[in-house]
1. So Val240 fits all but one of (1) modelled with pLDDT of 90 or more; (2) part of a helix (DSSP H, G or I); (3) within 22 Å of Asp147 (Cβ to Cβ); (4) not aromatic (Phe, Trp, Tyr); what number is the exception?
2. Identify the single condition in (1) free of Cβ contacts under 8 Å to residues at least 60 places away in the same chain; (2) surrounded by fewer than 13 Cβ atoms within 10 Å (Cβ to Cβ); (3) within 28 Å of Leu169 (Cα to Cα) that Thr73 does not satisfy, given that it satisfies every other one.
3. Among what's in region 137-176 and is without any contact (Cβ under 8 Å) to a residue 24 or more places away in the chain and assigned to a loop (DSSP other than H, G, I, E, B), pick the residue that is surrounded by the most Cβ atoms within 10 Å (Cβ to Cβ).
4. Would you mention how many residues in region 22-56 are surrounded by 13 or more Cβ atoms within 10 Å (Cβ to Cβ), over 17 Å from Ala129 (Cβ atoms) and out of contact with any strand residue (DSSP E or B) (no Cβ under 6 Å at 6 or more places or on another chain)?
5. Residues of region 18-51 being within 25 Å of Val70 (Cβ to Cβ) and within 13 Å of the chain's Cα centre (by Cα), which ones?
6. Residues to consider are Ala179, Ala203; find the one that is among the hydrophobic types (A, V, I, L, M, F, W, C), modelled with pLDDT under 90 and assigned to a loop (DSSP other than H, G, I, E, B).
7. With respect to Ala28, determine if the residue is in a loop (DSSP other than H, G, I, E, B) and modelled with pLDDT under 90.
8. Out of region 47-75, which residues are in a strand (DSSP E or B) and either out of contact with any Phe, Trp or Tyr (no Cβ under 7 Å at 6 or more places or on another chain) or of a type in the set (Lys, Arg) (or both)?
Amino acid sequence: MSGLLLRLAGPLQSWGERSAFTPVRDTAPFPTRSALIGMFAAAEGIGRNEAIPSRYHDLRLTVRVDRPGVRLTDYHTAGGGFPKDRTPATSGGSNKGAAVITRRHYLADAVFVVAVTAPDETVERLADALTRPHWAPYLGRRACVPDEPFVLRPHVTDPEEELRTRVPLSRTPPRTPHADGQDTETITVEFLTEHPPSTGEPADHPAPADVIDVNDVPVSFAPHGRSHTGRRIHRTQVPVPRSLAGPPHTLLQRLIEYAHPEESA
């Protein structure tokens, strides 16, 4: 088993959780498994009407929340004032020539780093697809384009350990050394894992995890037959080295140096 690392950052993200073609298009507070697997399938050129391949079932996803972002709602209209044949249909299939109104929820200025752990052959295939995608990746909606670098590392031996110890953190350290309740050498960061946090040495032991039940495991992406099953995720606060953070003006350089260590050596 090995893995790859993705950085999901951009002006806007939206990870639909419950709504499907309804007037209110919500967002989960973190990237969903359904959205990430959809991103991988799109990169590999797998259409929505094709069966979800079993090769995605063995993926283990861990999310580090660098910045949770700010929630905002967009009052959105489509069509209106045009003949029926030029107006979008409603979710029920009707079309009266009126504007379709939705309220679309987004996360603004959020940053997540995702560790994808899988068998070596799966990691190699996904890394190749994500660096040369068949369909371009996006952060939940097509209008939400990811920042670069998107693929931080195409292959690492232990991606979860990389999140805890090496991947640059997209935030500044607290001004007061003890403001986050930790020692001066660490910063507390939220992690979302699909397995219970492992116990370690007392100094490295994460806080007790909150258990969350979500319904985001895709069974079908068919436009008129989408279905999902549930999973359980564990949300915990993990201390990471304070050195991973830094002032905003150095972030891009730190990310480039991490993503391309051979060029910065």
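1. If we test Val240 against (1) modelled with pLDDT of 90 or more; (2) part of a helix (DSSP H, G or I); (3) within 22 Å of Asp147 (Cβ to Cβ); (4) not aromatic (Phe, Trp, Tyr), just (2) comes out false.
2. (2)
3. Going through the qualifying residues, I end up with Pro174.
4. Here the count works out to 2.
5. If the condition is that a residue be within 25 Å of Val70 (Cβ to Cβ) and within 13 Å of the chain's Cα centre (by Cα), then Thr27, Ala28, Pro29, Phe30, Pro31, Thr32, Arg33, Ser34, Ala35, Leu36, Gly38, Met39 are the ones that fit.
6. Unique residue meeting the criteria: Ala179.
7. Against the criterion (in a loop (DSSP other than H, G, I, E, B) and modelled with pLDDT under 90), Ala28 does not qualify.
8. Of everything in region 47-75, those that are in a strand (DSSP E or B) and either out of contact with any Phe, Trp or Tyr (no Cβ under 7 Å at 6 or more places or on another chain) or of a type in the set (Lys, Arg) (or both) turn out to be Arg60, Leu61, Arg64, Arg67, Val70, Arg71, Thr73, Tyr75.
The values are calculated or read from the model by the stated rules, or taken from the named source; none is laboratory data. All figures in this text were calculated on a predicted structure; none of them were measured in a lab. All Cβ positions, glycine included, derive from the backbone under ideal geometry; neighbour counts span all protein chains shown.
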